[in-house]
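The values are calculated or read from the model by the stated rules, or taken from the named source; none is laboratory data. Here the structure is a predicted model, which is why all the values come from computation and not from measurement. Here Cβ is always computed from backbone atoms with ideal geometry, including for glycine, and neighbour counts include all displayed protein chains.
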Amino acid sequence: MIVEQGKSVTLVGGGTIGPQDLEFALSLAPFLVAADSGADRAVAAGFEPQAVIGDLDSISNVVRNQLAPEKIFEIAEQDSTDFHKALRQIKAPVVLAVGFLGERVDHQLASFNTLVQSLASPCIVLGENEVVFHIPPRINLPTRAGDIVSLFPMGEVTGCSTGLKWPINGLQMSPMGQIGTSNMATGRVSLTLDGPGLLGIIPRHHLPHLIPLISQARRW
């Protein structure tokens, strides 16, 4: 592992970052790591990453030269994204990822694919209005009545739920069939799944309560 932390880690990428997103993430996960050109985003916002991980094909020379060489870790293979490269090398209770949504749809799809891979640490991706995460075998979400709860399968997934307006009990979800977007909470949502591969998407304001739930949940 390049990064091993007992506290949560913020991982910044080169995608869209809202004006206060990085500050918000660091208030919850104070150790900062950058994935390649995420280092440029971090430095521009006034923060210095403790490590930069990736194939280093997009970090600017200006920022690279500002950082100590021992903070830069090149992983040259081209079979995975910088997001995946970084997450493979971070061991922490939770990684909070900022700058991995927006701008390019293919990059967003790659990020969603990475979330359901076998990773060293659980990860939550911060978006403009929502957060996205790989749902563990069992979780009780901190939702309230009226919250939008979207479930998107990256493979064939079954399970059961309580607290959803449209329960998933008995559904065979699949990216080429039944999906679960735009569902609605009637209160706190409980999910029990029979296998991995289901992404959860809930309102961003629940992030502070979601982090400890994800860090303590049993993983696939």
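Among the residues of region 187-213, write down those that are under 27 Å from residue 21 (Cα atoms) and not in a strand (DSSP E or B).
Residues satisfying the conditions are 197, 204, 205, 206, 207, 208, 209, 210, 211, 212, 213.
Take the conditions aliphatic (A, V, I, L, M), part of a loop (DSSP other than H, G, I, E, B) and at pLDDT 95 or above and apply them to residue 184. Does it pass?
Numbers: aliphatic (A, V, I, L, M): yes; part of a loop (DSSP other than H, G, I, E, B): no; at pLDDT 95 or above: yes.
No.
Restricting to region 10-46, give me the number of residues that are under 16 Å from the mean Cα position of the chain (by Cα), of a type outside the set (S, T, N, Q) and not in a strand (DSSP E or B).
Total meeting the criteria: 14.
To keep it simple, each residue is scored yes or no on (1) more than 19 Å from residue 209 (Cα to Cα); (2) crowded, with 17+ Cβ neighbours inside 10 Å; (3) in contact with a helix residue (DSSP H, G or I) (Cβ under 9 Å, 6 or more places away or on another chain); (4) not hydrophobic (A, V, I, L, M, F, W, C).
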residue	(1), (2), (3), (4)
96	no, yes, yes, no
116	yes, yes, no, no
121	no, yes, yes, yes
146	no, no, no, yes
181	yes, no, no, yes
193	yes, yes, no, no
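Can you find even one residue in region 30-40 that is surrounded by fewer than 19 Cβ atoms within 10 Å (Cβ to Cβ) and over 16 Å from residue 100 (Cα atoms)?
Taking every residue of region 30-40 in turn, at least one turns out to be surrounded by fewer than 19 Cβ atoms within 10 Å (Cβ to Cβ) and over 16 Å from residue 100 (Cα atoms).
Could you tell me how many of the residues in region 47-84 are in a helix (DSSP H, G or I) and under 19 Å from residue 119 (Cβ atoms)? Can you show your working first?
In the first step, residues of region 47-84 are kept if they are in a helix (DSSP H, G or I); the result is 61-66, 69-71, 82-84.
From what is left, the residues that are under 19 Å from residue 119 (Cβ atoms) are 82-84.
Looking only at that region, the number is 3.
Scan 100, 133, 83 and give me the residue that is surrounded by 22 or more Cβ atoms within 10 Å (Cβ to Cβ) and out of contact with any Ser or Thr (no Cβ under 9 Å at 6 or more places or on another chain). Step through it out loud before you land on a result.
Numbers: 100 fails: out of contact with any Ser or Thr (no Cβ under 9 Å at 6 or more places or on another chain); 83 fails: out of contact with any Ser or Thr (no Cβ under 9 Å at 6 or more places or on another chain).
Checking each option against the conditions leaves just 133.
Within region 108-132, count every residue that is touching a Gly at 6+ places or on another chain (Cβ under 7 Å) and within 13 Å of residue 220 (Cα to Cα).
1
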